[in-house]
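Working notes, structure below.
The values are calculated or read from the model by the stated rules, or taken from the named source; none is laboratory data. It should be emphasised that the depicted structure is a prediction, and the values quoted were computed from it without experimental measurement. Using ideal geometry, Cβ is built from the backbone for each residue, glycine included, and neighbour counts are taken over all protein chains shown. Areas reflect the complete protein model, heavy atoms only, side chains present, ligands, DNA and RNA absent. Shrake-Rupley method; radii C 1.70, N 1.55, O 1.52, S 1.80 Å.
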Amino acid sequence: MTGESSSASAGTECSPVIQSKPRKTAVNHVLVILAWLILTISGLTLFINENANVIEKNSALINEAGKIRGGAQRIIKIHLSGKPVAMYLPEIEQSIDILFAHTRSANSFYGSYDEQYFTATLGSWEVLVRLIEQDAPQDEILEQSEIIWYSSNALVAHIEHQTLAYTKRFNLVTAIFFTIVLVLLFVFFVTKHVIRDKIEYGSTHDLLTGLYNRYYFQEALEQNYASSKRTGQGFALLMCDIDHFKKINDTRGHPAGDRILHELGMLLRSVTRTMDTAVRYGGEEFAILMTTNTTAECEKYAERIRHTVENHRFRGNIPVTISIGFCLYRSGMKREQIIENADKALYHAKEAGRNCVIDFDSLTV
């Protein structure tokens with residue numbers, strides 16, 4: 001395959017996909033997603049329940065403050081009518097006790113209360129009770145009635161304000177919580193895929209040239225071999241070597257040599273077909289597994305590659321040529337024999353003056 005220009009999926013049956021995603025990995029991902037959903041839903045449920053509890057408590061406080069406000073007015077009316085009020089006092093005092101109990105148990109997240117509102121209501125109530133017990137003049141009692149009315153109203157408004165402030169904090173914390181959950185989930189999957197892709201790419205590719213590596217070559221050769229036996233589709237192995245590469249390294253330096261290897265890798269990806277597999281076999285040697293049934297097609301293909309490299313302008317205007325030896329698979333050949341035959345043909349191409357193509361079959365004629 002490599003026209004890696006086409007992507008890893010461009011390979012046909014002659015270009016195997018070595019790294020298939022294990023079923024176990026998929027199951028692990030599902031389990032991670034389920035665990036994440038359970039934790040998220042549990043967290044959301046806790047938040048909602050806690051929010052409902054706090055709002056319920058604050059509603060109860062508002063109700064108790066309302067009892068004080070309404071109860072005080074009722075007691076004054078009863079007292080002014082000349083009837084005893086002692087039996088009604090415990091109910092209001094109980095509401096006051098409930099209010100103070102909640103203020104002492106509140107925390108800053110739920111909304112801390114300003115005790116001055118509670119003490120003002122308590123103080124105005126105590127004054128009212130004392131005036132009633134002393135049978136004070138009606139004007140003083142009515143004046144105190146106004147005071148307790150305003151103090152209890154202020155208390156209700158204060159509790160409502162704290163409830164609203166808590167609701168805003170709750171919404172903010174909830175938004176932050178789920179933002180963090182989504183970000184972590186996104187980072188987990190992106191990191192997982194990026195790391196997995198890098199590992200898979202590094203295990204099958206040569207990082208300098210971008211071509212497949214020797215490990216992948218062995219798998220691809222096995223796949224081609226099995227496919228040829230099963231379907232009758234033939235294939236050939238081309239072994240390529242950069243001419244005088246040692247001289248380039250010695251005179252231009254290893255960085256220049258690496259640049260040539262990199263450029264040649266890109267060039268081979270662009271000129272090889274998508275159904276073929278281009279490999280960096282080792283050092284300055286490359287291998288190409290091509291799908292073919294004829295020597296003529298293979299020779300034409302190899303010549304086109306050789307000619308493209310010869311006419312390509314490499315960085316630094318360094319002249320680069322390659323020698324190619326190829327072997328067409330014949331029935332009965334073993335895998336090792338295909339490699340050995342192509343390597344022999346490459347050796348003869350070097351001996352013949354380099355920058356040429358030699359067919360192994362021509363050596364046996």
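Worth pointing out:
- Meets criteria (closer than 24 Å to residue 251 by Cα, touching a residue at least 12 places away in the same chain (Cβ under 8 Å) and aromatic (Phe, Trp, Tyr)) for residue 326: no
- Evaluation of residue 186 against (1) surrounded by fewer than 13 Cβ atoms within 10 Å (Cβ to Cβ); (2) in contact (Cβ under 8 Å) with a residue 12 or more places away in the chain; (3) of a type in the set (Phe, Trp, Tyr) (one fails), failing number: (2)
- Residue under evaluation residue 210, criteria (1) part of a helix (DSSP H, G or I); (2) surrounded by 12 or more Cβ atoms within 10 Å (Cβ to Cβ), criterion not met: (1)
- Among (1) open to solvent by less than 40 Å² (accessible area, probe 1.4 Å); (2) assigned to a helix (DSSP H, G or I) - the single one residue 288 does not satisfy: (2)
- Residue match in segment 243-253 (condition: surrounded by fewer than 19 Cβ atoms within 10 Å (Cβ to Cβ), within 30 Å of residue 66 (Cβ to Cβ), of a type in the set (Gly, Ala, Ser) and more than 31 Å from the chain's Cα centre (by Cα)): no
- Pair list, Cβ under 7 Å, 6 or more apart: segment 204-221 residue more than 15 Å from residue 268 (Cβ to Cβ), other residue among the basic types (Lys, Arg): 221/335
- Within segment 62-79, the set of residues being open to solvent by 60 Å² or more (accessible area, probe 1.4 Å) and modelled with pLDDT under 85 comprises 63, 67, 69.
- Residue in segment 266-278 that is touching a residue at least 40 places away in the same chain (Cβ under 8 Å) and over 37 Å from the mean Cα position of the chain (by Cα) present: no
- Going through (1) out of contact with any Lys or Arg (no Cβ under 8 Å at 6 or more places or on another chain); (2) among the small types (Gly, Ala, Ser); (3) closer than 16 Å to residue 70 by Cβ one by one, residue 152 falls short only on (1).
- Any hit, segment 227-239, residues being open to solvent by less than 20 Å² (accessible area, probe 1.4 Å) and under 39 Å from the mean Cα position of the chain (by Cα): yes
- Residue-level check: of (1) in a helix (DSSP H, G or I); (2) without any contact (Cβ under 8 Å) to a residue 24 or more places away in the chain, residue 135 misses just (1).
- Among the residues of segment 31-56, those identified as surrounded by fewer than 16 Cβ atoms within 10 Å (Cβ to Cβ) and either touching a Gly at 6+ places or on another chain (Cβ under 9 Å) or of a type outside the set (A, V, I, L, M, F, W, C) (or both) are 40, 42, 43, 45, 49, 50, 53, 56.
- Exactly one residue among 179, 204, 174 is of a type in the set (Ser, Thr, Tyr), open to solvent by 40 Å² or more (accessible area, probe 1.4 Å) and modelled with pLDDT of 75 or more, and that residue is 179.
- Among residues of segment 233-258 that are without any contact (Cβ under 8 Å) to a residue 40 or more places away in the chain and closer than 27 Å to residue 359 by Cβ, those with a Cβ under 8 angstrom from a residue that is open to solvent by 20 Å² or more (accessible area, probe 1.4 Å) and not aliphatic (A, V, I, L, M), sequence gap 6+ or separate chain, pair up as 245/283; 245/284.
- Subset of segment 315-358 [assigned to a strand (DSSP E or B) and either surrounded by fewer than 23 Cβ atoms within 10 Å (Cβ to Cβ) or more than 48 Å from the chain's Cα centre (by Cα) (or both)]: 357, 358
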